[in-house]
Structures are given as structure tokens and as C-alpha cells.
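Please read the structure below before turning to the comments.
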């Protein structure tokens, strides 16, 4: 009986690792063990940074809202507190977009937060 060496499945698995190691420097794209370690590390960091991207964007939105709100004479914390008291359900992404693209609408939102 001939020896089974894996054939398609093994080659497919190895090719997938090789494809992801393309562009790595030195042995990390040539030597199998280094290649596997580098690709697994790449996948781990990719997962971590996909999660981190969400908090990075939230921080960016908060910075933008704070800058726009302070230009209108109110701090970020007072704006968010006033919006929650006024039952205005706008998330930070929308508020940031309003502050950039439509300052007049953002000013009305700030007035609504101030009045409550």
C-alpha cells in the first residue's frame, strides 16, 4: 500500500501560510518554522488591532466633539450630560460627523443640551 503524504490538504495549508508570509523580510518568508511563527503572530496582532480600532475611533470622535463644543463655550462632559438629560439619543460618531460637516446643526444640538 502506498504511503499517504497528505497531498492536497497539506499543500493547501502550507500555501495559505506562504501566501500570508509574502513580503516578510529574510527567513520569515523563506524558512518554514519562522514563517509559521511570523504568520501566527501576524494573525494575533490583526485580531487585537481590529478590536482596538473601535476604541481608537471612539477617542477620535470624543476629541472632535470636545473641540467643536468648546468653540461654542461648553465642555464635552457638560454637553454629554446635557444631552442625556434632554433625552437626545445621538451617539458620538454622529455628533462628531455633525460637528465637522454641519456646524449649524451641531450648534442646535449644543443649545438643546444647554437648555436642559
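FYI, it's all coordinate maths here, none of it is from the lab. Treat the numbers as computed from the prediction; the structure is a model and nothing was measured. Note: ideal-geometry Cβ built from the backbone for every residue, glycine included; neighbour counts use all protein chains shown.
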Zone of residue 14's modelled label, taken as backbone nitrogen in segment 35-60 under 15 Å from a point 7 Å along Cα→Cβ: 35-36
Estimated FRET transfer efficiency when R0 is 41 angstrom, pair residue 77-residue 101 (beta carbons, to 0.05): 0.95
Rounded D (µm²/s) - segment 8-115, Kirkwood Rh over Cα pairs, Stokes-Einstein at 4 °C, 1.567 mPa s: 75 µm²/s
Two-site FRET efficiency, residue 111 against residue 91, from Cβ-Cβ distance with R₀ of 22 Å, rounded to 0.05: 0.70
Theoretical FRET efficiency, 1/(1+(r/R0)^6), r = Cβ-Cβ of residue 3 and residue 48, R0 41 Å, to 0.05: 0.50
